[in-house]
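Take a look at the structure set out below.
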Amino acid sequence: MVMTKIAIIEDDQAISQMYRIKFEAEGYKVETAGNGKLGLKLAEEMQPDIILLDLMMPEMNGDEMLTLLRQTSWGKDIKVIILTNMGEQEAPESLRALGARKFIVKAEMTPRQVAEMVKAELAA
C-alpha cells in the first residue's frame, strides 16, 4: 500500500514537530519545511497528497507559496489546508481562489481535530 504523504509548511518548529508526530502515529509519511521557499521545493520533490500551509512565514509567506504552487503542473491539484493563527477574515481572499480547501486556526484546534480534518479532506 502506498503511504499517504503530508507536507507541513510551518516556521514554528514546535508546532511543525507536534503535527509531524501526530500524523506519523496515524501512519502517514510526513515532511516539513520552515518557510514557503523551502516548502515549494519540498512539494515539488515529495509530491504530497496534502499540504498543511502556514501563512505567516519568513522568506516566502504561505499565500505567495500557494500562488507559485498553483502555477506548476505538479502542484496545481494538490490539496491544501491553511493552518494559521490568522483569523479567516484577515487572510487574503486569494486563498480561496487558489484552491485552499479548509482554513484552520491553530489555536482553536487540537492536533487530533486537525488530523480528523485532514483525513476527511483526503477521503473527499
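Determine, yes or no, whether residue 56 is surrounded by fewer than 21 Cβ atoms within 10 Å (Cβ to Cβ), out of contact with any Leu (no Cβ under 8 Å at 6 or more places or on another chain) and of a type outside the set (D, E, K, R). Yes.
Taking every residue in segment 4-27 that is hydroxyl-bearing (Ser, Thr, Tyr) and pairing it with any residue that is modelled with pLDDT of 95 or more, at least 6 positions away or on another chain, the pairs with Cβ-Cβ distances below 6 Å are 4/28; 4/49; 16/8; 16/10; 16/32; 19/8. Within the set 77, 54, the sole residue that is touching a Ser or Thr at 6+ places or on another chain (Cβ under 8 Å), within 25 Å of residue 120 (Cβ to Cβ) and not basic (Lys, Arg) turns out to be 54.
Taking segment 3-111 as the region of interest, the strands (runs of 3 or more DSSP E) fully inside it that hold 1 or more residues being modelled with pLDDT under 95, at negative phi and aromatic (Phe, Trp, Tyr) are 100-105. Residue-level check: of (1) within 19 Å of residue 113 (Cβ to Cβ); (2) touching a strand residue (DSSP E or B) at 6+ places or on another chain (Cβ under 7 Å); (3) of a type in the set (A, V, I, L, M), residue 9 misses just (1).
The values are calculated or read from the model by the stated rules, or taken from the named source; none is laboratory data. Here the structure is a predicted model, which is why all the values come from computation and not from measurement. Cβ coordinates were reconstructed from backbone atoms using ideal geometry, including for glycine residues, and neighbour counts include every protein chain displayed.
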